[in-house]
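A short worksheet on the structure shown next.
The values are calculated or read from the model by the stated rules, or taken from the named source; none is laboratory data. Note that the structure is predicted; figures quoted are calculated from it, not measured. Note: ideal-geometry Cβ built from the backbone for every residue, glycine included; neighbour counts use all protein chains shown.
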């Protein structure tokens, strides 16, 4: 009886809700194969009692189907969600002020990575202005138990955790003070079972005050992406964000200029004045990852919760530039 065969069988075992593989969620803790006996150790702490039983049944059935298996033993262990989570890279998307399309860029980066075949999650840390669920058309509530919360999955398989998914009405305003906000974000990090992710994209709260600072200090960030627009005011604000990143010794992956222009009849109209993308990138000592236009098609998809269907030349260019910048960062941090 081969270990590989057991692993493959377990990769096919899904939770009842959300339909995620117990393998991807890192709930399979150990497999022992001795002769015709297989012993599997599982952590099902975040599941309800009913779901735990269903999963154990599925595991037993999947392994018993394998040739040469005579006996299956399942052992359960209790673990904290943080012990189940494995992140390849955590990337934060931040802006000096609100309203520049930071959540939009976070969503597009996650979609780009997902299309490249990576396992991706979005932690929506923008507690007072959470727009991620709306863009992805998410209405389901996160499931879980005392032992942890499971994120909600988008159509294309991106995991999302956002305060909006926990509120009774999506248009409810969250009126909390700084310490409460910081605590909520810490919980999204500690109490959510993300499992094995190649990338976790964090949609940061806007600005450079205490809440973004807490996030940047408490998460193991690989790098940050700074979002700006061509307006003069945001240039000053971007400098503050860059300064904060440098103080905390977090590398800037690159800068994205949003609302850079509008395409009308083959012409580019710079609605908010000439582009300051190159200038901002120089300030940040990081590449300009892209200039995103004001795109009515994208706005319509976001309103309909269909952002995952978006495609454009500007988006493709952003996707490529981000991949290159991440590779460059990774190789420079090894030296």
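Scanning the range 271-284 for residues that are out of contact with any strand residue (DSSP E or B) (no Cβ under 7 Å at 6 or more places or on another chain) and exposed (fewer than 14 other Cβ atoms within 10 Å of the Cβ) gives 273, 274, 282. So residue 10 ticks every box in (1) touching a strand residue (DSSP E or B) at 6+ places or on another chain (Cβ under 6 Å); (2) not in a helix (DSSP H, G or I) but one. Which box is left unticked? Failed condition: (2). Tell me, please, whether a residue that is within 30 Å of residue 254 (Cβ to Cβ) and crowded, with 16+ Cβ neighbours inside 10 Å can be found in the range 78-87. The answer is yes; a qualifying residue exists.
Within this structure, residue 61 passes the test of being outside the structural domain of residue 225 (by TED's automatic domain parsing) and either in a helix (DSSP H, G or I) or in contact with a helix residue (DSSP H, G or I) (Cβ under 8 Å, 6 or more places away or on another chain) (or both). Residues of the range 32-52 that are under 29 Å from the mean Cα position of the chain (by Cα) and either at pLDDT 95 or above or closer than 12 Å to residue 74 by Cβ (or both): 41, 42, 43, 44, 52.
Figure legend. Inter-residue proximity from the range 101-113: first residues not assigned by TED's automatic domain parsing to the domain that holds residue 125, second residues surrounded by fewer than 24 Cβ atoms within 10 Å (Cβ to Cβ), beta-carbon distance below 8 Å, spacing 6+ or different chains. No pairs are indicated. For residue 301, indicate whether it is surrounded by fewer than 19 Cβ atoms within 10 Å (Cβ to Cβ), at pLDDT 90 or above and touching a helix residue (DSSP H, G or I) at 6+ places or on another chain (Cβ under 6 Å). Answer is yes for this residue.
Screening the range 222-335 for strands (runs of 3 or more DSSP E) wholly inside it with 3 or more residues that are farther than 14 Å from residue 94 by Cα and assigned by TED's automatic domain parsing to the domain that holds residue 112 returns the ranges 262-264, 267-269, 288-291.
Considering the conditions (1) at pLDDT 70 or above; (2) surrounded by 15 or more Cβ atoms within 10 Å (Cβ to Cβ), residue 167 is excluded by exactly one of them, (1).
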